[in-house]
Amino acid sequence: WSYALEKPNTGSVFSLAWSSDGTQLAGACGNGHVIFAHVVEQGWEWRNYVITLTKRRSMQVRNVLNDAVDLLEFRDRVIKASLAHGHLVVTTSLQCYVYRSLPPPALHLK
């Protein structure tokens, strides 16, 4: 489950709080510091597409049939995304993006 492990010199963490959208975490530490964390490497799959949230404001789109990769970058951090029924819907803190995906190639069985 752990994506990264860091051991900052902050003392004990006395309190944790999630942002209202569930994408950020803040911790109050024993030495007075506040640490922040962001959800990354979240993924979505639909048919031949795999979408990965690589950073707070960017997603990688991969077509597993031809190994094509595209990068989507947003001005604001991604709050929520959904991939289904041929569409990728991405909401940021200020905007909503809707992308239409291409259907997979038809299989011809003889």
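Kindly establish whether residue 9 is modelled with pLDDT under 90 and open to solvent by 90 Å² or more (accessible area, probe 1.4 Å).
For residue 9, the condition - modelled with pLDDT under 90 and open to solvent by 90 Å² or more (accessible area, probe 1.4 Å) - is met.
Considering only the range 45-54, how many residues are part of a strand (DSSP E or B) and either open to solvent by 90 Å² or more (accessible area, probe 1.4 Å) or touching a Ser or Thr at 6+ places or on another chain (Cβ under 7 Å) (or both)?
Of the residues in that region, 2 qualify.
Restricting to the range 12-30, and then to whatever is within 19 Å of residue 80 (Cα to Cα) and assigned to a loop (DSSP other than H, G, I, E, B), can you tell me which residue is most open to solvent (accessible area, probe 1.4 Å)?
20
Here is a check on your reading of the model: is residue 35 touching a residue at least 24 places away in the same chain (Cβ under 8 Å), open to solvent by 40 Å² or more (accessible area, probe 1.4 Å) and out of contact with any His (no Cβ under 6 Å at 6 or more places or on another chain)?
Criteria met by residue 35.
Go through the range 31-44 and give me each residue that's part of a strand (DSSP E or B) and out of contact with any Pro (no Cβ under 8 Å at 6 or more places or on another chain).
34, 36, 37, 38, 43, 44
So, in the range 55-68, of the ones that are of a type in the set (A, V, I, L, M) and closer than 26 Å to residue 94 by Cα, which residue ends up most open to solvent (accessible area, probe 1.4 Å)?
The qualifying residue most open to solvent (accessible area, probe 1.4 Å) is 61.
Across the range 55-82, what is the number of residues that are part of a strand (DSSP E or B) and within 22 Å of residue 20 (Cα to Cα)?
8
The values are calculated or read from the model by the stated rules, or taken from the named source; none is laboratory data. Worth saying up front: this structure is predicted, and the values here are computed from it rather than measured. A quick note on method: Cβ atoms are made from the backbone with ideal geometry, for glycine too, and the neighbour counts reach across all protein chains shown. Heavy atoms of the whole protein, side chains included, go into the accessibility calculation; ligands, DNA and RNA do not. Shrake-Rupley method; radii C 1.70, N 1.55, O 1.52, S 1.80 Å.
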